[in-house]
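The values are calculated or read from the model by the stated rules, or taken from the named source; none is laboratory data. Bear in mind the structure is a predicted one, so any value in this text is a computation, not a measurement. Positions of Cβ are backbone-derived with ideal geometry, glycine not excepted, and every protein chain shown enters the neighbour counts. Heavy atoms of the whole protein, side chains included, go into the accessibility calculation; ligands, DNA and RNA do not. Shrake-Rupley method; radii C 1.70, N 1.55, O 1.52, S 1.80 Å.
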Amino acid sequence: MRKLVPAIACLALAVTACGGSTGGGSGGDGPIRVGLIVSLTGNYTPLGSEDKKAVELAVEQVNAKGGLLGRKVELVQRDDKTAPDQGIVAFNQIKGQIDALIGPVFSNSALAIEPLAQREKIPYLSLAPAQEQVEPIKSYVFVTPALSSMYAERYLQYMRATEITKIAVAHDTKSAYSVAGHKAMAALAAKYGVTVVTDEPYETTTSDFSAIFTHVRDSGAQALVFWGSGAPGVTAGKQYAASGLKVPLFLTGSQASKLWLEPMGDAAEGMTVQSAIGVVGDHLPASRQKEVIDQMATPFKEKYGYPPPQFAQDGYSASLLLFEAIKKAGGTDKAKVQQALEGMDLVTPNGRFRYSPSDHSGLRPDFISINTVKGGAFVPTGWAREQLSKTVAAG
């Protein structure tokens, strides 16, 4: 993937140089136009559709209050079709029409768009958690979900607290999110007294995980951490449940939604799954954090009939961050919005963001919950409940 993205990005920059609009989006007293590129077709359709719903809700809410600085907010939406090259096509179609950009959820597409947004100096809030987006820092590129490394570290903190010292790790070699999470977990394990006793790579197209479970069974591992997004999370989860493997299965935030829970059914009971703090908002004590989560969760559930999943939390949080930056900038001047983002301190459903010139991820692992699936829902473990209570109390 690291070889693929630069190649695609170079192609895209050549296409950009050859044609397309070079305008600067809306201005004056006209509408504020926000680009939204998410997967509405392809493998990541379920994820992108949730982001879309959440961003649309945020726009509806801000427009109902008179818009931003007296200007209506409009979305300019495109589908990246869960493909990096199509993400580039989408970006080039709208770059001259927008004041800022949100998306995509697919890490490989996000990495392909990143150099284009930076070149065009368009404030860009990514919905993908891949580490490479903000390491090194690109001045116009910001990330909304917790980074893969934060999910890795949060699990290691939990393992130390629960005296898990030996783990197995499986990761998707074709997913930038999965590769980054695996790399961070391997690098940080020793710090928390954890040893990776077996390391199991797989590919997104893998349909049989039995060999991995056999290796884990004989490894002496006390937990199996599965890094993956989309279909592999369901396939592996079901096969794990049927395998009789007694080593606990730990899944990451990519499985923190009904998109994983519903196809898993009863087989998910007892599994451990990470999530953003907003996913477990009902379990939080009264706080500013809970108020912001409810501001999104209540109307989302009323509209769609289910609580907002992980991906919806990301889309809504990105919207709040962008809206606040535009207000602080006093308009849509891109350089001023970028500067406002770098000075941002804002509570969102994903947690409290503190962006800075040296930190364009803004979150800390403290805003990640470790949950157990109980009755078809994500319920914070006792450890997570205690940690999250401390986090929200500290503001």
List the number of the failed condition for residue 143; all other conditions in (1) at pLDDT below 95; (2) in contact with a Pro (Cβ under 9 Å, 6 or more places away or on another chain) hold. (1)
Region 44-94 - residue that is of a type in the set (Asp, Glu) and over 18 Å from residue 332 (Cα atoms) and, of those, nearest to the chain's Cα centre (by Cα): 51
Within the set of pairs 6 or more residues apart or between chains, which connect a residue that is touching a residue at least 12 places away in the same chain (Cβ under 8 Å) inside region 280-294 to a residue that is in a helix (DSSP H, G or I) and among the hydroxyl-bearing types (Ser, Thr, Tyr) with Cβ atoms less than 7 Å apart? 285/389
For strands (runs of 3 or more DSSP E) lying entirely in region 178-292, having 3 or more residues that are in contact with a His (Cβ under 9 Å, 6 or more places away or on another chain) picks out 195-202, 223-227
Could you tell me whether residue 62 is in contact (Cβ under 8 Å) with a residue 24 or more places away in the chain, in a helix (DSSP H, G or I), open to solvent by less than 30 Å² (accessible area, probe 1.4 Å) and out of contact with any Ser or Thr (no Cβ under 6 Å at 6 or more places or on another chain)? yes
For region 356-379, enumerate the residues that are closer than 30 Å to residue 132 by Cβ and either in contact with a His (Cβ under 8 Å, 6 or more places away or on another chain) or surrounded by 22 or more Cβ atoms within 10 Å (Cβ to Cβ) (or both). 360, 361, 362, 363, 367, 368, 369, 370, 371, 378
How many residues, within region 319-355, are in contact (Cβ under 8 Å) with a residue 40 or more places away in the chain, surrounded by fewer than 21 Cβ atoms within 10 Å (Cβ to Cβ) and closer than 25 Å to residue 279 by Cβ? 1
Kindly provide the set of residues from region 136-158 that are more than 16 Å from the chain's Cα centre (by Cα) and not aromatic (Phe, Trp, Tyr), ordered by number. 136, 137, 138, 139, 156, 157
Exclusive hit being in contact (Cβ under 8 Å) with a residue 40 or more places away in the chain, under 22 Å from the mean Cα position of the chain (by Cα) and within 24 Å of residue 51 (Cα to Cα), set 312, 384: 312
Take residue 384 and tell me if it is surrounded by fewer than 19 Cβ atoms within 10 Å (Cβ to Cβ) and either among the charged types (D, E, K, R) or over 20 Å from residue 38 (Cβ atoms) (or both). no
Of the criteria (1) in contact with a Ser or Thr (Cβ under 9 Å, 6 or more places away or on another chain); (2) modelled with pLDDT under 95; (3) open to solvent by 50 Å² or more (accessible area, probe 1.4 Å), which one residue 283 fails: (2)
When residue 166 is run through (1) modelled with pLDDT of 95 or more; (2) open to solvent by less than 20 Å² (accessible area, probe 1.4 Å); (3) not β-branched (Val, Ile, Thr), the failure sits at (2)
Of (1) in a loop (DSSP other than H, G, I, E, B); (2) within 13 Å of residue 281 (Cβ to Cβ), residue 392 satisfies every one except (1)
Given the criteria at pLDDT 95 or above, among the acidic types (Asp, Glu) and within 17 Å of residue 372 (Cα to Cα), does residue 294 qualify? no
Give me a count of the residues in region 42-59 that are open to solvent by 50 Å² or more (accessible area, probe 1.4 Å) and either over 23 Å from residue 256 (Cβ atoms) or without any contact (Cβ under 8 Å) to a residue 24 or more places away in the chain (or both). 0
List the residue pairs whose Cβ atoms are under 9 Å apart, where the first residue sits in region 119-145 and is under 15 Å from residue 180 (Cβ atoms), the second is open to solvent by 40 Å² or more (accessible area, probe 1.4 Å) and part of a loop (DSSP other than H, G, I, E, B), and the two are 6 or more positions apart or on different chains. 132/2
